Amino acid sequence: MSLTVARLSGEALRARLDDLARLRIEVFRAWPYLYEGTLDYERKYLPRYAEAKTGTMIVALDGDRVVGASTALGLDEEEDFVAAPFVKAALDLHRIFYFGESVLLPQYRGQGVGVRFFEEREAAARAHGYPVAAFCAVVRPDDHPARPKDYVPLDEFWRHRGYTRRADLVSAFSWKDIGDADETEKPMVYWMKTL
């Protein structure tokens, strides 16, 4: 397997949005997200990364096939519900670069791509003048019936990259879990790092 990693923005990013949409649907079906996504929803949600002046997507390619992707943009360009905990905590949105999703097909994990996703998004944050990076992760109960017995949370990976969990910064994101009739809110806790 020969993987390459590239940073995209603008039209190059826009050209890969369907690839990102398909990856999000496939990867986020697994624990802990259990996301029952649709291409129609993704096509409405994802263009904001191409439209934002700081919109960034990092792609992992196996040949020309996108097998992983990671997004980011300035928190000052994010939706209000994402930024709300930072506003409430009186943190300056113009100083924080927000990391969106990171999705990578399982067979490509363990090859350093996740580390590259963080390095490339941090480099994009610096290039756009943001001294702080933040992302969020879903919080699911430890006794959730869909939790795999061998599940290993990514907390240690994130700590090793220099991120600190901020239990005081929580948003509610809504999506439809696999098999559910309706969307439900899920708590998303933020992690932050000074670059």
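The values are calculated or read from the model by the stated rules, or taken from the named source; none is laboratory data. As the structure is a prediction and not an experimental result, all values here were calculated from the model. All Cβ positions, even for glycine, are placed from backbone atoms using ideal geometry, and neighbour counts span all protein chains on display. Protein only, heavy atoms only, side chains kept; ligands, DNA and RNA dropped before computing areas. Shrake-Rupley method; radii C 1.70, N 1.55, O 1.52, S 1.80 Å.
Of the residues A89, A124, A146, A133, the single one that is touching a residue at least 24 places away in the same chain (Cβ under 8 Å), of a type in the set (G, A, S) and closer than 21 Å to R24 by Cα is A146.
Say we look at the stretch 7-64 and pick out the residues that are under 19 Å from R126 (Cα atoms) and of a type in the set (S, T, Y); which of these is most open to solvent (accessible area, probe 1.4 Å)? Taking the candidates together, the pick is S9. Identify all residues within the stretch 153-195 that are open to solvent by 80 Å² or more (accessible area, probe 1.4 Å), free of Cβ contacts under 8 Å to residues at least 24 places away in the same chain and farther than 19 Å from E78 by Cα; write none if there are none. Once the filter is applied, which keeps residues that are open to solvent by 80 Å² or more (accessible area, probe 1.4 Å), free of Cβ contacts under 8 Å to residues at least 24 places away in the same chain and farther than 19 Å from E78 by Cα, the stretch 153-195 yields L154, E156, R159, H160, A181, D182, E183. All of R14, R24, R65 fail the test of being closer than 22 Å to W191 by Cα and either in contact (Cβ under 8 Å) with a residue 60 or more places away in the chain or among the charged types (D, E, K, R) (or both), apart from R24. Could you look through the stretch 65-92, keep only residues that are part of a loop (DSSP other than H, G, I, E, B) and open to solvent by less than 50 Å² (accessible area, probe 1.4 Å), and pick out the one that is nearest to A127 (Cα to Cα)? Among those that are part of a loop (DSSP other than H, G, I, E, B) and open to solvent by less than 50 Å² (accessible area, probe 1.4 Å), it is E78.
Table: residues versus (1) in contact with an Asp or Glu (Cβ under 7 Å, 6 or more places away or on another chain); (2) at pLDDT 95 or above; (3) among the aliphatic types (A, V, I, L, M); (4) under 25 Å from I178 (Cβ atoms).
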position	(1), (2), (3), (4)
G10	no, no, no, no
L17	no, no, yes, yes
E36	yes, no, no, yes
L39	no, no, yes, yes
R43	no, no, no, yes
L46	no, no, yes, yes
E51	no, no, no, no
T54	yes, yes, no, no
V59	no, yes, yes, no
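Test of understanding: among R121, R95, which residue is open to solvent by 50 Å² or more (accessible area, probe 1.4 Å) and of a type in the set (K, R)?
R95
Among the residues of the stretch 98-118, those identified as assigned to a helix (DSSP H, G or I) and surrounded by 14 or more Cβ atoms within 10 Å (Cβ to Cβ) are Y108, V113, G114, R116, F117, F118.
Looking across the stretch 93-114, the residues that are free of Cβ contacts under 8 Å to residues at least 40 places away in the same chain and under 20 Å from A172 (Cα atoms) come down to L93, Y98, F99, S102.
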